[in-house]
Amino acid sequence: MSMTGRCLCSKVTFELSGDPIATVVCHCNHCQRQSGSAFSVNLIAHESQLNLTGELTTYEERGDAGDQVYVRRRFCNVCGSPIVSELALSNGIVAVKAGALDDSSVVSPSVEVWCVDKQGWVDLPGMAVSMERE
Ligand SMILES: [Zn+2]
Ligand SMILES: [Zn+2]
């Protein structure tokens, strides 16, 4: 299966080929801030499955010491839509933002992480695995 998606202004488009490894909801505070929403929905895949076109800006999240990059959050440099996060510490694994998909009917998350930061009103159905952190 192959999925396509784009940012709000359509300058960035992508194709994700093959099935994602998992579809994961992330409640972490950083995803809340970046998305302006209560959580992010992520298609976890190998970097090689993702084919991106268009210009992205990368924000590097570092640990408290500032020395190690642990997430690269990539977004359209025109409209700001989050497109993909690269998990620097898990080699070659990316998290494609499900909100950017052209057809969201295939999205069915069953794992949620960072429930420690979950907003109080959120109670998602269909979660097989709920983790306090990652
Ligand atoms: Zn855009
Ligand atoms: Zn997160």
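The values are calculated or read from the model by the stated rules, or taken from the named source; none is laboratory data. Just so it is clear, the model here is predicted, and its values are computed rather than measured. Virtual Cβ from ideal backbone geometry, glycine too; neighbours counted across all protein chains shown.
Condition test on Trp114, is it within 14 Å of ligand 2 (Cβ to nearest atom) and at pLDDT 95 or above? It is true that Trp114 is within 14 Å of ligand 2 (Cβ to nearest atom) and at pLDDT 95 or above. Residues in the range 90-134 that are among the aliphatic types (A, V, I, L, M) and more than 15 Å from the chain's Cα centre (by Cα): Val106, Val116, Val122, Leu124, Met127, Ala128, Val129, Met131.
Within the range 23-36, can one find any residue that is in contact with a Cys (Cβ under 6 Å, 6 or more places away or on another chain), under 22 Å from Met3 (Cβ atoms) and at pLDDT 95 or above? There is no residue in the range 23-36 that is in contact with a Cys (Cβ under 6 Å, 6 or more places away or on another chain), under 22 Å from Met3 (Cβ atoms) and at pLDDT 95 or above.
Pairing residues of the range 62-80 that are closer than 27 Å to Ala98 by Cβ with residues that are of a type in the set (Gly, Ala, Ser) and not in a loop (DSSP other than H, G, I, E, B), at Cβ distances under 6 Å and at least 6 apart in sequence or on separate chains, gives Val71/Ser85; Arg73/Ser85. Scanning the range 91-134 for residues that are closer than 23 Å to Val69 by Cβ, assigned to a loop (DSSP other than H, G, I, E, B) and small (Gly, Ala, Ser) yields one hit, Gly92.
Contact map, the range 1-28: first residue within 15 Å of Val107 (Cα to Cα) and among the β-branched types (Val, Ile, Thr), second residue assigned to a loop (DSSP other than H, G, I, E, B) and within 16 Å of ligand 2 (Cβ to nearest atom), Cβ cut-off under 6 Å, separation 6 or more or different chains; pairs are Thr23/Pro109; Val25/Phe39; Val25/Pro109.
If you filter the range 8-58 down to residues that are surrounded by 20 or more Cβ atoms within 10 Å (Cβ to Cβ) and assigned to a loop (DSSP other than H, G, I, E, B), you find that the one that is farthest from ligand 1 (Cβ to nearest atom) is His27. If the condition is being modelled with pLDDT under 95 and hydroxyl-bearing (Ser, Thr, Tyr), then the range 39-98 contributes Tyr70, Ser90. The set of residues in the range 109-134 being surrounded by fewer than 10 Cβ atoms within 10 Å (Cβ to Cβ) and either among the aromatic types (Phe, Trp, Tyr) or in contact with a Gly (Cβ under 9 Å, 6 or more places away or on another chain) (or both) consists of Trp121 alone.
For the condition surrounded by 12 or more Cβ atoms within 10 Å (Cβ to Cβ), acidic (Asp, Glu) and at negative phi, Glu61 qualifies.
Taken together, the criteria exclude Met131 from residues that are more than 27 Å from Leu8 (Cβ to Cβ) and touching a Pro at 6+ places or on another chain (Cβ under 9 Å).
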